[in-house]
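Encoded as structure tokens, the structure appears first; notes follow it.
The values are calculated or read from the model by the stated rules, or taken from the named source; none is laboratory data. Note that the coordinates shown come from a computational prediction; the quantities given were computed from them, not determined experimentally. Cβ sites come from the backbone with ideal geometry, for glycine too, and all protein chains shown count toward neighbours.
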Amino acid sequence: MNVIRSSARVPAGSLFLGLALFGVQPALAQDYPAKTVRVVTAEVGSGSEVVARIVAQALSTHYGQPFVIDGRTGGVIAGEVVSKSPPDGYTLLFYGNTLWTTPLLRKQVPYNIARDFAPITMAVQSTLVLVVHPSLQVNSTRDLIALAKAKPGQLDYSVAAVGSGNFMAAELFLYLSGVKMTRIGHKGFPSALLSTVTGQAPIFFPTIGAGMAQVQAGKLKGIAVTSAKPSALAPGLPTIAETLPGYESVFSSAAFAPTGTSAALITRLNRDIIQMLQRDDVKQKLLAIGMEPVGSSPQEVDAAIKAEMAIMGKVIAKAGIQE
């Protein structure tokens, strides 16, 4: 074996610097957090914001440092903020599907989902529910498709905003069923739901918590859930996939850090967030709002995002939707 020897002396300061740099990533992960952590998410009251707040409160208690919610209107703004933040673990992002579906709808977005964010874990998922106004004479997915085919373009469906979860659920439904209906857009979820409750746009895909509350109150009729499997939160309702094979559209909210965050810190955050999601008190709070705790590896987050972008890219292209 050849041994390369050098007579050059390494300055003591450089040696200590090298040792420090060699151990900096594990040390930072071990000592984290040493100060307040900012959790960037959606606007107050949105699904992602409520989830982020519940998890942040648990992390604050766990770590003994504040995890402060920074709610932003729109995924583009939240994404841009985090993409430009230092990769030190003190700015995290909790956001739903619109973070990665918005780039499919807009020509210019100030971030790149694959380049700018390091996935930590999928925090929660929640099925949506297909509901209709009681005046609409349908009782199943098959009935709705038959009626829409008999009256092409004459049925109105409600959406909260272009790119929202209910928007994507509706567009996927149209794509797979081949029916034509008229989209009625609204500025936010409350007005979109009200539009269906009043019968103005009698078809909607709300979150399961809000949708089933209206079904139980007798104001709307539950038809099916958008998940691949039936949900315990909507007992008795079949899946849309039973009629439209391959249909699945769920609300997801994942945790991210800026790209460049150390692997050691991502691993620790992944472990600790999953631990918080498994706590009974956290589970109960999430289930109460229709959110089911997940907890996954960063690789699983990446795969789920790519899969959804692939199918929704086709849906959006066929529909010719772009802002």
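The table that follows gives values for the structure above.
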read-out	value
Residue, farthest from S252 (Cα to Cα), within the stretch 278-323, restricted to residues that are surrounded by fewer than 13 Cβ atoms within 10 Å (Cβ to Cβ) and acidic (D, E)	E323
Members of the stretch 138-197 found to be among the polar types (S, T, N, Q), at pLDDT below 95 and over 17 Å from A319 (Cβ atoms), listed by number	S191
Residues of the stretch 235-277 satisfying the condition of being at pLDDT below 95, crowded, with 21+ Cβ neighbours inside 10 Å and assigned to a loop (DSSP other than H, G, I, E, B)	none
Counted residues, the stretch 57-94 - those being under 15 Å from the mean Cα position of the chain (by Cα), under 17 Å from T121 (Cα atoms) and part of a helix (DSSP H, G or I)	1
The stretch 200-229 - residue that is crowded, with 17+ Cβ neighbours inside 10 Å and polar (S, T, N, Q) and, of those, nearest to L174 (Cα to Cα)	T226
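Residue-wise test of (1) of a type outside the set (V, I, T); (2) in the same structural domain as A232 (by TED's automatic domain parsing); (3) surrounded by 23 or more Cβ atoms within 10 Å (Cβ to Cβ); (4) in contact (Cβ under 8 Å) with a residue 24 or more places away in the chain.
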position: R115; (1), (2), (3), (4): yes, no, no, yes
position: I120; (1), (2), (3), (4): no, no, yes, yes
position: V138; (1), (2), (3), (4): no, yes, no, yes
position: R142; (1), (2), (3), (4): yes, yes, no, yes
position: I145; (1), (2), (3), (4): no, yes, no, yes
position: K149; (1), (2), (3), (4): yes, yes, no, yes
